[in-house]
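A.B. asks: I'd like to ask some things about the structure below.
We did not get these values from a lab; they are worked out from the coordinates using the rules stated. Owing to the predicted nature of the structure, the values given are computational and were not obtained by experimental measurement. Please note: Cβ atoms are built from the backbone with ideal geometry, for glycine as well, and neighbour counts cover all protein chains shown.
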Number of protein chains: 2
Amino acid sequence: MFTDQYQLTMAQLYWKYGLHERTAQFDYFFRRYPDYGRHQAGYAVFAGLEWLLDWIETTRVRDEDLDRLRAQRCTSGRRRFDEGFLSWLADTCDFEGVSIRSVPEGRVVHGHAPIAIVEGPLAITQILETSFLNHLNYQTLVATKASRVAESAAGGPVLEFGMRRGPDVGTNAGTRAALIGGADASSNVGASHAMGIDPQGTHAHSMVQLFMALGEGEIGAFRAYAATYPDECLLLVDTIDTLESGIPNAITVFKELRTEGHEPVGIRLDSGDLAHLAVRSARMLDDGGFPDARIVLSSELDELAMWQIRAQIVEEAPRYGVDGAAVLHRLIYGVGTRLITSQGYSALGGVYKLVAIDGTGEWLPAMKISDTPEKMPIPGDKRVWRIYDDRGLATADVVSAGNEDLSFGESLDLYHPHRAGIIRRLENIRDVEELVVPSYRDGERIGSTPSLDEMRRRRIADLERLDVGVRRLVNPHVYHVSLTQSVKQLQGELIARERPGN
Amino acid sequence: MFTDQYQLTMAQLYWKYGLHERTAQFDYFFRRYPDYGRHQAGYAVFAGLEWLLDWIETTRVRDEDLDRLRAQRCTSGRRRFDEGFLSWLADTCDFEGVSIRSVPEGRVVHGHAPIAIVEGPLAITQILETSFLNHLNYQTLVATKASRVAESAAGGPVLEFGMRRGPDVGTNAGTRAALIGGADASSNVGASHAMGIDPQGTHAHSMVQLFMALGEGEIGAFRAYAATYPDECLLLVDTIDTLESGIPNAITVFKELRTEGHEPVGIRLDSGDLAHLAVRSARMLDDGGFPDARIVLSSELDELAMWQIRAQIVEEAPRYGVDGAAVLHRLIYGVGTRLITSQGYSALGGVYKLVAIDGTGEWLPAMKISDTPEKMPIPGDKRVWRIYDDRGLATADVVSAGNEDLSFGESLDLYHPHRAGIIRRLENIRDVEELVVPSYRDGERIGSTPSLDEMRRRRIADLERLDVGVRRLVNPHVYHVSLTQSVKQLQGELIARERPGN
């Protein structure tokens, strides 16, 4: 019963009118890229699909759900759900009749173009809506943020640390999306194990506090840590005072560790002016004989904060006789709250819209007319293509009619998805790729579940083929999403039919 | 394994040093109230406790978890976790030895004062941290937002509609928190059933689109809905054009329904200028003979948007010959994305800090020293009290030492939690209530799980005893959280001991 109530009331209505098994098509897409306020995304990374398919494969209506639905009453005291409907629901709501075409998980996606297309019995595809949106919106949101964070890290490792501020058990989905989108590892033990990778983490302030309360001081805590994890010694140095206490104590312990034949990993800074402290720590570690010790930064990081920190390090390093590039090279980023909650833009507005209904053999296109042209979905049965230019870069995502094949074109006329009369002619097409491909049919996944590595490789390959201007963190260039002439024509006809006055 | 990796690495260190079963105390508290940008909270509503206790009662280390931990390797290739530690973990990590004192769920809470105090074996209470924060931070965040939305609704019903944009399965926790904090019902079927209430919902645009695609038009959809749910007929009127099509069609169907002996419930507006459309719709419904029909508003609502809409309605209603107060009285609010994601402030910064460790019979206070005085937790074993003045209003939350009893005082000297020398003398104390009370001990809850109604009553009672200035939506008055003299003194001594230079 992971759905909204109105999906069930609508489903019952369809059942009553004999429409429940008419085949319907719904598109999943988003309109706006995340806008975090001072910075904005020019692309998104699609995530959540495989967990959605897991949910579809395993979800059934249980007897206790039926009992709960039987117990629902109208204001008049009558039962809200008819026994006949409930019995149909119990028999049919296993999603066997649903098929899904989708962009593969991990790939770069854009606004307005369908990312997934669902086809199946009307009442079932309707009930599916809520779970569909819930699974895809949040993970795509977090994967997109993670991709930006990774871009800002410029090759430095990114660790996802957001569990303690994440949304209840939804945090596991957030960790997964972060790992697909750009994080190298996570502190979340269960989610990391489920994704087949080792979780990461060292110690917290509380361990230092404890040794202080017992009279052993910060250095006692550091010594205990080094003795327990001699090959993974990474020390949190800001419990008392980073420069006066933490770093000197860490260096003392690192030297002791080296005499026993172990090289330390590094230190973690979790408060204060991270850029300044990174430069100062780098200098102290260099002078102490540990020029390779890593510096982990954490505390309210996001792509913009990291960008700013890196710029400040380059500017400030020479003043302390340190090579800024070398400091950047030893950084590791622990990114928590702002990644797992996509701070600044807390929800992707992905929608699931009815676009066609089976009219005994042919698709009847459906459309929501709106005063806001951007809010109108693209009607009818469709296919989605990505066009690569002669530089090998993605230049447009194009939505064609279901019976159009764009594979072999060398040029193409593109129409704006919601403004009239804007045509762009594409020449020099090097490659055309069908983007939305079969992923679920007859109660089964098509192909095997991709590994984390495979999903990451898809993202990296797509980012490499994306214009740098579209990837930039602030005010990105707008990527083209367009319609073919026949889709544009259908859209115009439907608007004219439903609102002849306009 | 719903925890962060560093909890496990620290736990193993404590085990290695024989500290793992030393009794430790941790405080859960937050420092800052949510600040949504243009508006800010002056209080929070505590939620998540009962689900946290459920988690504690049912969570065990499984064999597959141990296998995963056994498989973790250090960079040197050695196993990261010792078999002795894992076997201790499997035996002990059932949280039997943990006891929790807490503010009861649903109550109003404030910054800096402990909301929950955890006592138990060091290594186990440390491992508990992540789940503790995860369960309480998100639900308290959403319950607080819901309380503000309910205040802004000024008695009008609030429906939680956020599932499709909520954070994966975490959305169920969000729905629950919203119901505790101020929402009257939710569209989330499973979560509503679990909370023992009926979910709410009617139909979506897709149902209207479908009937349009089949050539039956918007009115066909409305007739079908009225026929299926004659006693619960609430129609979504903005699929084509609210004033030109939706409302006239709804009135036609409402009249037909009335001739069959049923009164309609109302309409839902989901786009456009909601205030303006509410006034215009109210007028049309009045003229059509349906002055009691409710008007549900939805689309990007939050407390500030609702406040603005209500103000505009009052101002605009006379221009259309409508009584503004009457329009307000018929409103129902569907609040989705901005509630479930706490838009503008996406994470509560609740923390879990070591404050004391058993020093063979007496508590050794622990503290994190910091350059930022607000970041220093309140050390030692403590009790938390709420003081009511002679008006019966809550005037301060006071943190005392564990051996202090404030129950019977008539006056009290209060010390600022992190500034020196600020004393306020409280006279005319009418009542003193101990706020943090036993909730879990010896592997069991103390008392029974409270019902949703009970948690809601706690919130309402607390809000009634809270100053209006603290409750206001923008720039709220600051509620006093203070220390007794003996706690203040201990704090000063610890700072002097750890950083004698300061």
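A.B. asks: Could you tell me the calculated FRET efficiency between residue A:96 and residue B:451, based on Cβ-Cβ distance and R0 = 41 angstrom, to the nearest 0.05? Before the final figure, lay out each step's value.
C.D. replies: Details: r = 39 Å, r/R0 = 0.95.
Computed FRET efficiency for residue A:96 and residue B:451: 0.60.
A.B. asks: Taking a virtual spin label 7 Å from the Cα of residue A:326 along the C-beta vector, which residues in segment A:286-308 bring their backbone nitrogen under 20 Å of it?
C.D. replies: A:286-297
A.B. asks: On to the next question. Given a cut-off of under 8 Å on Cα pairs at least six residues apart, what relative contact order in percent is computed for chain A? If you can, show how the numbers build up before the last one.
C.D. replies: Working: 991 pairs, mean separation 102.3, N = 502.
Dividing the mean separation by the residue count of chain A yields 20 percent.
A.B. asks: Compute the acute angle (0 to 90°) between the alpha-carbon long axis of helix B:485-498 and the principal axis of greatest extent of the alpha-carbon atoms of chain B; round to the nearest 10°.
C.D. replies: 60
A.B. asks: For segment B:354-461, give the magnitude of the charge dipole about the Cα centre (Cβ charges: +1 Lys/Arg, -1 Asp/Glu; no others), in debye to the nearest 20.
C.D. replies: Working: 16 positive and 20 negative charges, 98 e Å.
Using Cβ point charges on Lys, Arg, Asp and Glu, segment B:354-461 gives about 480 debye.
A.B. asks: 7 Å along Cα→Cβ for the label point: how many nanometres lie between residue A:497 and each equivalent label in the other copies, listed shortest first?
C.D. replies: Values, ascending and in nm: 8.0.
A.B. asks: Relative to the longest principal axis of the C-alpha atoms of chain B, give the angle of the C-alpha long axis of helix B:171-181, reported between 0 and 90° and rounded to the nearest 10°.
C.D. replies: Helix B:171-181 sits roughly 90 degrees off the main axis of chain B.
A.B. asks: Place a label point 7 angstrom from the Cα of residue B:311 along the Cα-to-Cβ direction, then list the residues of segment B:132-162 whose backbone nitrogen is under 17 Å away.
C.D. replies: Only B:149, B:151-154 fall inside the zone, counting backbone N under 17 Å.
A.B. asks: Taking the alpha-carbon centroid of each part, what is the distance from segment A:120-168 to segment B:197-233 in angstrom?
C.D. replies: 32
A.B. asks: Moving to a separate point now. Let me check against my output: what whole-number percent is the relative contact order of segment A:149-340, with C-alpha pairs under 8 Å and at least 6 apart? Provide the component values of the computation, followed by the final result.
C.D. replies: Numbers: 325 pairs, mean separation 49.6, N = 192.
Relative contact order of segment A:149-340: 26 percent.
A.B. asks: How long are the semi-axes of the ellipsoid equivalent to chain A, from square roots of 5 times the Cα gyration tensor eigenvalues, in whole Å, largest first?
C.D. replies: Working: eigenvalues 495, 170, 62 Å².
Equivalent ellipsoid semi-axes, largest first: 50, 29, 18 Å.
A.B. asks: Long-range amide H contacts for residue A:359: which residues qualify at under 5 Å (H placed 1.01 Å from N, peptide plane, sequence gap of 5 or more or a different chain)?
C.D. replies: The answer is A:364.
A.B. asks: Mind listing the long-range amide H neighbours of residue B:186? Cut-off is under 5 Å, sequence gap 5 or more, other chains count too, H placed in the peptide plane at 1.01 Å from N.
C.D. replies: For residue B:186, whose amide H was placed from the backbone, the distant partners under 5 Å are B:160, B:200.
A.B. asks: To the nearest 0.05, what FRET efficiency results for residue B:496 and residue B:411 with a Förster distance of 35 Å applied to their C-beta separation? Spell out each step's value before the answer.
C.D. replies: On the way: r = 29 Å, r/R0 = 0.83.
Calculated transfer efficiency: 0.75.
A.B. asks: Debye calculation, C-alpha points only, no solvent: report log10 I(q)/I(0) for segment A:118-176 at q = 0.15, 0.18, 0.21 Å⁻¹, in the same order as the q values.
C.D. replies: Each listed q maps to, in turn, -0.58, -0.72, -0.85.
A.B. asks: Given Cβ point charges of +1 (Lys, Arg) and -1 (Asp, Glu) and nothing else, what value in debye, to the nearest 20, does the dipole of segment A:190-269 about its Cα centre take?
C.D. replies: Working: 4 positive and 11 negative charges, 7 e Å.
With only Lys, Arg, Asp and Glu charged at Cβ, the dipole is about 40 debye.
A.B. asks: Roughly how big is segment B:201-331's charge dipole about its Cα centre, with Cβ charges of +1 (Lys, Arg) and -1 (Asp, Glu), in debye to the nearest 20? Don't skip to the end; give the middle numbers.
C.D. replies: On the way: 10 positive and 21 negative charges, 39 e Å.
So the magnitude is around 180 debye.
A.B. asks: Same structure again: Measuring from a point 7 Å out along Cα→Cβ, what nm distances, shortest first, does residue B:407 have to its partners in the other copies?
C.D. replies: Sorted ascending, the copy-to-copy spacings read 8.2 nm.
A.B. asks: If you line up the long axis of helix B:49-58 against the longest principal axis of chain B, both from Cα atoms, how many degrees apart are they, to the nearest 10?
C.D. replies: The helix B:49-58 is inclined about 60 degrees to chain B.
A.B. asks: Moving on to the next point. I need the GluC sites (Glu not before Pro) found in segment A:214-309, filtered to DSSP loop residues with at most 16 other beta carbons within 10 Å of theirs.
C.D. replies: Details: sites: A:216, A:218, A:232, A:244, A:256, A:260, A:300, A:303; in loops: A:216, A:232, A:260, A:300.
Of the GluC sites (Glu not before Pro), the ones in loops of segment A:214-309 whose Cβ has at most 16 other Cβ atoms within 10 Å are A:216, A:260, A:300.
A.B. asks: Let me ask something else. From zero up to wherever the largest Cα-Cα distance of segment B:201-331 sits, split into 5 Å bins and tell me the percent of pairs in each.
C.D. replies: 2, 11, 22, 23, 20, 12, 7, 2, 0
A.B. asks: When you have a sec, figure out the Kirkwood radius of the protein assembly as shown from all distinct Cα pair distances and drop it here in Å to one decimal? Could you put the intermediate results ahead of the total?
C.D. replies: On the way: mean 1/r = 0.0330 Å⁻¹.
That comes to 30.3 Å for the protein assembly as shown.
A.B. asks: If you consider only alpha-carbon coordinates, what radius of gyration and Dmax does segment A:104-251 have, in Å?
C.D. replies: Gyration radius and largest Cα-Cα distance of segment A:104-251: 21.0, 69 Å.
A.B. asks: To the nearest Å, what is the center-to-center distance of segment B:295-354 and segment B:59-89, using C-alpha atoms only?
C.D. replies: 50
A.B. asks: Determine ³J(HN,Hα), in whole Hz, for all residues of segment A:426-432 in sequence, where each value follows from phi through the Karplus function 6.51 cos²θ - 1.76 cosθ + 1.60 and θ = phi - 60°; x replaces Gly and Pro.
C.D. replies: For segment A:426-432, the Karplus-derived couplings read 8, 10, 6, 6, 8, 8, 10 Hz, x marking Gly and Pro.
A.B. asks: Going by the rotation axis that takes chain B to chain A, pick out the residue of B with the closest C-beta and quote the gap in whole Å.
C.D. replies: Nearest to the symmetry axis by Cβ: B:170, 1.
A.B. asks: A follow-up question, please. For the pair residue B:154 and residue B:243, what calculated FRET efficiency results from E = 1/(1 + (r/R0)^6), where r is the Cβ-Cβ distance and R0 = 35 Å, to the nearest 0.05? It would help to have the intermediate numbers written out before the result.
C.D. replies: Working: r = 26 Å, r/R0 = 0.75.
Result of the calculation: an efficiency of 0.85.
A.B. asks: For residue A:283, which inter-copy label distances result when the label point lies 7 Å beyond Cα on the Cα-to-Cβ vector, reported in nm to one decimal and in ascending order?
C.D. replies: So the distances to the same position in the other copies read 7.1 nm.
A.B. asks: Answer with one residue from A:335, A:19, A:352: the one whose Cα lies farthest towards the positive end of the charge dipole of the protein assembly as shown, charges on Cβ with Lys, Arg +1 and Asp, Glu -1.
C.D. replies: A:335
A.B. asks: What list of ³J(HN,Hα) couplings, whole Hz, do you get for segment B:320-326 from phi and the Karplus terms 6.51, -1.76, 1.60, once you set θ to phi - 60° and write x for glycine and proline?
C.D. replies: 10, x, 10, 7, x, 4, 5
A.B. asks: According to a simple spin-label model (label point 7 Å from Cα along Cα-to-Cβ), what is the distance in nm between residue B:35 and residue A:393?
C.D. replies: According to this spin-label approximation, the distance is 4.0 nm.
A.B. asks: Sum -39500 (n - 2.57) across every DSSP H segment of at least 4 residues in chain A, then divide by the residue count to get the 222 nm mean residue ellipticity, nearest 500.
C.D. replies: Working: 17 runs with 193 residues, N = 502.
So the helix-based figure for chain A works out to -11500 deg cm²/dmol.
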